[in-house]
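Accompanying notes for the structure given below.
The values are calculated or read from the model by the stated rules, or taken from the named source; none is laboratory data. A quick note: this is a predicted structure, and the numbers were derived from the prediction, not measured. Cβ sites come from the backbone with ideal geometry, for glycine too, and all protein chains shown count toward neighbours.
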Amino acid sequence: MSDFDLVIRGGTVVTAADTVKADVGIRAGRIVTVAEKVDGGRRRIDASGMLIMPGGIDSHVHLAQPAFGGPAMADGFESGTRSAIAGGNTTVLPFALQPRGASLRTSVIDYHKEAEGKCYTDFGFHLIISDPTPSVLGQELPALVNDGYTSFKVFMTYDDLVLNDRQLLEVFDCARGCRALVMVHCEGYDAIRFMTDRLERAGNTAPYYHAISRPQSVEREATHRAISHAELTDVPIMIVHVSGRESMEQIRWAQQKGLKIYGETCPQYIALTADDLKGLNMDETGGKYVCSPPPRDRASWDAIWEGIRTGVFHTFSSDHCPFTYGSVMGKLNPKARTSFRWVPNGIPGVETRLQILFSKGVVEGRITLNEFVALTSTNHAKMYGLYPRKGSIAPGFDADIVIWDPNRKETVRQELMHHGADYTPYEGHAVTGWPIMTILRGKVVMEEGKILGAPGDGSFLKRDLSPYAARPSVAA
Ligand code: DUC
Ligand code: ZN
Ligand code: ZN
């Protein structure tokens, strides 16, 4: 008679710290034991030759976000989290967005209604603050942080979202007081508008010019400005979706000065380039790759790897932000055909994040297995207040596990995907390493690409304060 619900046998357990041959015993959704040999188990899984890793935590995904009159996102909570488990993830953190003029609390309540009963993964919410009124900063935000929404994102570009410098400073100052972690989208609004207007006047409207309209200098300037504001207000910030050397070096410079500046990067910055935006022949197929910041060039891939290997970046997220390509409701909407300005920004990626990093990172010898786990799971849990519940394989942690075949060779293809988009920007990319089973709190929810979980399996995660956010000052 066994007292384990599930035992995973014969595999190699990989955490951010260790790589050991061990069995894992699971009871009531939690890991109970990790030992050389675990007997029994109502269900046993033979993981010989496989890696047993913490389920992926993707701390940067966009699902069911308001469209502001533009095309709707291709993924709501159901298809987005289905895609996530197919890609070996067990937790996602999407964004509850406050439209201007709306209450932050109401935006969160509405977002919960969207998610209710639909999620295949566990999930928490970051907030997006677009309207930092005195009541938002004075009451709503601190109350929401207290309720487990302990991080939020602000934007330095986009008509509907951009905050000016004074607003950024007020928001950072508020984050310091309520100990929230701030994520910053660093691209300069005025520079992008100037470039966009100029390109359009010259008739350069193809999707490729999206990349020309927001070069690395625009990202670097905004990154530096965000860092300076963080220094002035003495608050830690996370610079998200860093695309290349210029911004990476700003973050490194700040870290070397002793500032608490954290960095995130994404698959598109090690696997795509601006040339992908040219499409087949400087045509609209380039719209498939339009995201912000845009993919750069191969030298930028090297810079991103330098940042990953030297610890400038703490998290590797997908920035999953999917739109359909072939329908008039997505990347090819009638307005988008007139200029890159109107092509919705964002690409799908939650299902291919782990494979791309594993392949280019572990298989090609740039990072260790343990660094892979840190970058895709553990650091996300630590950064966003989910540790020690999520993000490792040890007694007491939720039994969120991906069983990974390190030798499986696949070619990424749309027909393998479970997302709501009608394409993957990684079509044709050859990878080595593939998730063969995803386990959410002890339940097998994906096996060999087959979805066994159900919408509603996923629970909302009220998150702790991030240990990386502002700390209370120590009395002298
Ligand atoms: N920023 C994101 O974080 N995601 C998609 C588009 C964007 O600008
Ligand atoms: Zn962003
Ligand atoms: Zn994003």
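Which of the residues that make up region 272-301 are among the small types (Gly, Ala, Ser) and more than 16 Å from ligand 3 (Cβ to nearest atom)? Hits for region 272-301 are 274, 279, 286, 287, 299, 300. Can you name every residue in region 116-158 that is of a type outside the set (S, T, N, Q), away from ligand 3 (no atom under 16 Å from the Cβ) and touching a residue at least 40 places away in the same chain (Cβ under 8 Å)? Matches in region 116-158: 117, 118, 119, 120, 122, 132, 144, 145, 147, 148, 149. How many residues does region 165-181 contain that are in a helix (DSSP H, G or I) and of a type in the set (Lys, Arg)? Residues that pass the stated criteria total 2. One residue alone among 6, 104, 93, 51 is more than 30 Å from residue 332 (Cβ to Cβ) and in contact with a Phe, Trp or Tyr (Cβ under 7 Å, 6 or more places away or on another chain), and that residue is 51.
Is it the case that region 361-373 has a residue that's farther than 26 Å from residue 468 by Cα, touching a residue at least 60 places away in the same chain (Cβ under 8 Å) and outside any loop (DSSP other than H, G, I, E, B)? Looking for residues that are farther than 26 Å from residue 468 by Cα, touching a residue at least 60 places away in the same chain (Cβ under 8 Å) and outside any loop (DSSP other than H, G, I, E, B), one finds at least one in region 361-373, hence yes. Assessment of region 82-95 against the conditions (among the aliphatic types (A, V, I, L, M), over 14 Å from the mean Cα position of the chain (by Cα), within 16 Å of ligand 1 (Cβ to nearest atom) and surrounded by 23 or more Cβ atoms within 10 Å (Cβ to Cβ)) yields no matching residue.
Taking the criterion of being more than 16 Å from ligand 2 (Cβ to nearest atom) and crowded, with 19+ Cβ neighbours inside 10 Å, would at least one residue in region 315-322 satisfy it? No, region 315-322 contains no residue that is more than 16 Å from ligand 2 (Cβ to nearest atom) and crowded, with 19+ Cβ neighbours inside 10 Å. The helices (runs of 4 or more DSSP H) found wholly in region 51-163 and carrying at least 2 residues that are among the polar types (S, T, N, Q) occupy 77-86, 104-115. β-branched (Val, Ile, Thr) and assigned to a loop (DSSP other than H, G, I, E, B), is that true of residue 356? The answer is no for residue 356. Considered as a group, the residues in region 302-323 that are polar (S, T, N, Q) and touching an Asp or Glu at 6+ places or on another chain (Cβ under 7 Å) include one that is farthest from ligand 3 (Cβ to nearest atom), and that residue is 315. Taking the criterion of being within 22 Å of residue 262 (Cβ to Cβ), in contact with a Leu (Cβ under 7 Å, 6 or more places away or on another chain) and more than 16 Å from ligand 1 (Cβ to nearest atom), the residues of region 133-168 that qualify are 141, 144, 149, 150. From the list 18, 46, 23, 39, which residue is within 30 Å of residue 93 (Cβ to Cβ), among the acidic types (Asp, Glu) and at pLDDT 95 or above? Testing whether each residue is within 30 Å of residue 93 (Cβ to Cβ), among the acidic types (Asp, Glu) and at pLDDT 95 or above leaves just 18.
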